[in-house]
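Asks: This structure is in structure tokens; I'll ask about it shortly.
The values are calculated or read from the model by the stated rules, or taken from the named source; none is laboratory data. Owing to the predicted nature of the structure, the values given are computational and were not obtained by experimental measurement. Neighbour counts run over all protein chains shown; Cβ positions are idealised from the backbone, glycine included. For the accessible areas, the whole protein counts, side chains as well, though only heavy atoms, and no ligand, DNA or RNA atoms are used. Shrake-Rupley method; radii C 1.70, N 1.55, O 1.52, S 1.80 Å.
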Amino acid sequence: MKTHMRRAAIAVSAAAVLTLSLAACGEAGAGKEEKKDDKTIGLLLPESKTTRYESFDYPLIKAKVTELCSDCKVNYKNASENVSTQKQQFDDLVDSGVKVIVLDAVDSTATKAWVEEADKKGVKVVAYDRLAEGPVSAYVSFDNEKIGQLQGQGILDALGDKAKDGRVVMINGKESDPNAGLFKKGAHSVLDSKVKKVVYEQTGEWDPKIAGEKMGTAITSLGKDGFDAVYSANDGMAGGIIAALQSAGVKGIPVGGQDAELAGIQRILAGTQAFTIYKPYKPETDKTAEVAVKLLKGEKIDSLLTAKIDSPTTKGIPAELIQATVVTKANIKDTVVKDQLFKTADICKAEFAKPCAAAGIQ
């Protein structure tokens, strides 16, 4: 009898231990599934060769988030143009429990599966500057095809009466960036019927060095007198292109860019770059921060966004598209200086002092 009682007690004890163990495992598993961070917004930017991301996008978004939510944080990472790196960064943010990620994709087509998986876990993704694929909650950027049209018109204006006989070299942005395709499309829509011919077209990969190399190839192929203007998709590449032109002794060729980088503004003052496109970053970053904070708080965002846009995978994405402006020497003072994008002292230092004075920038 005692033996039977002892066996029963052991069985009961074992069952109790097993029950407690299973409960503990269940709690641990549940804890992992329910892990969430209601005070952190993830921010993933694509690269740092273009100076805007480190100089404007990140600090401006961070500042606005802090203004709107004093105890909120921004967990920022830069992918350095590597899709695999950005995928790991995205996964790390999801695993850490963040409920909102602002994503500026290295490759927009690669993001579909990431965003779908995040959506299943209740993580909201705001597509920033570039339209990521997948079920994103919102998109904040510029009207990028319109920007391409502005760039094309900038080339026409720089050529003036020579436009109809103009031969244009085009150095486009990285092909995996959907914005690059929109810039290119917009520029072609203006240039194709107004210039004689686009005589050379390549991607510069958003890399000044590669853009300079492509420009060198164009000079070799076309000859120093074989083109009349150069379209550069951004200012960073324009710097490499202008260096290649100068190295080859090619003068008097208007080069257009984009992003209103400090170096680009200085080249415009010096006369080596014809124009840039000023995209006012603060309206873009402020709107993005406002959307992200509302999503973090579980609030509706409809009142913040005025448009709808379709991606290849998702229809009717709530969106805000900010307008941009062509900047030449004539309106630097009324655009980037007026908006305090840069300090006058930074623009006009050293060899740029005289060109600044001539442009009325003090």
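Asks: Tabulate in residue order the Karplus-calculated ³J(HN,Hα) for segment 114-119, using 6.51 cos²θ - 1.76 cosθ + 1.60 with θ = phi - 60°, rounded to whole Hz; enter x for Gly and Pro.
Replies: 4, 5, 4, 5, 5, 4
Asks: Using a Gaussian network model of the chain with C-alpha springs under 10 Å, which one of 79, 345, 307 is most mobile by mean-square fluctuation?
Replies: Per the Cα network of the chain with a 10 Å cutoff, 345 tops the list.
Asks: Please grab the % of Cα pairs in segment 165-257 that end up more than 21 Å from each other. Display every interim value, and only then the final one.
Replies: Values: 963 of 4278 pairs.
For segment 165-257, the share of Cα pairs beyond 21 Å comes to 23 percent.
Asks: Considering the chain as a Gaussian network with a 10 Å cut-off on Cα pairs, which listed residue, 65, 106, 199, attains the greatest mean-square fluctuation?
Replies: 199
Asks: R0 = 22 Å: FRET efficiency of residue 306 with residue 68, Cβ-based, nearest 0.05?
Replies: Working: r = 19 Å, r/R0 = 0.88.
The computed FRET efficiency comes out at 0.70.
Asks: While we're looking at this one, here's another question. Taking only Cα atoms, what is the 0 to 90° angle, nearest 10, from helix 235-247's long axis to the longest principal axis of the chain?
Replies: 40
Asks: When Lys and Arg each count +1 and Asp and Glu each count -1, what net charge do the other residues less than 14 Å away from residue 194, Cβ to Cβ, add up to?
Replies: On the way: positive: 162, 164, 167, 196, 197; negative: 157, 161, 165, 192, 228.
Charge balance near residue 194 sits at 0.
Asks: With springs connecting C-alpha atoms under 10 Å apart, model the chain as a Gaussian network and identify which of 290, 54, 351 has the largest mean-square fluctuation.
Replies: The residue with the greatest mean-square fluctuation here is 351.
Asks: Using a/c under 1.5 as the rounded threshold, could you call segment 46-131 rounded, prolate or oblate? The axes a ≥ b ≥ c are square roots of the C-alpha gyration tensor eigenvalues, and prolate needs a/b larger than b/c, oblate otherwise. Working shown, then result.
Replies: On the way: a/c = 1.91, a/b = 1.10, b/c = 1.73.
The shape class here is oblate.
Asks: List the aspartates and glutamates whose Cα lies under 16 Å from the Cα of residue 121, skipping any in the same chain that are fewer than 8 positions away.
Replies: Reachable aspartates and glutamates: 33, 34, 37, 38, 91, 92, 95.
Asks: Where does the charge balance sit around residue 247 when Lys and Arg score +1, Asp and Glu -1, over other residues with C-beta under 14 Å from its C-beta? Could you put the intermediate results ahead of the total?
Replies: Numbers: positive: 209, 214, 224, 251; negative: 213.
Within the 14 Å Cβ shell, the charges total +3.
Asks: Taking a threshold of 25 Å on the Cα-Cα distance, which of the pairs 282/329; 124/185; 164/333; 214/349; 120/308; 287/329 fall above it?
Replies: Values: 282/329 22 Å; 124/185 30 Å; 164/333 31 Å; 214/349 31 Å; 120/308 23 Å; 287/329 29 Å.
Those over the limit are 124/185; 164/333; 214/349; 287/329.
Asks: Which three lengths, in whole Å and largest first, does segment 275-362 cover when its Cα atoms are put on their principal axes?
Replies: The Cα atoms of segment 275-362 stretch 52, 27, 19 Å along their principal axes.
Asks: Taking amide H positions as placed 1.01 Å from N in the peptide plane, with prolines and chain starts having none, which residues 5 or more places from residue 100, or on another chain, fall under 5 Å of its amide H?
Replies: It is 42, 124, by chain and number.
Asks: Once the other residues with Cβ under 9 Å from the Cβ of residue 122 are scored (Lys, Arg +1; Asp, Glu -1), what is the net sum? Walk me through the intermediate numbers first.
Replies: Working: positive: 36, 99, 120, 121, 124; negative: 119.
Net of charged neighbours comes to +4.
Asks: Quick check: with the 1.4 Å probe, what order do 168, 326 take by accessible area, largest first? Numbers along the way, then the final one.
Replies: Details: 168 0, 326 40 Å².
So the residues, ranked largest to smallest area, are 326, 168.
Asks: Put one equal scatterer on each alpha carbon of the chain, apply the Debye formula with no solvent term, and list log10 I(q)/I(0) at q = 0.14 1/Å to two decimals.
Replies: Those come out to -1.13, one per q.
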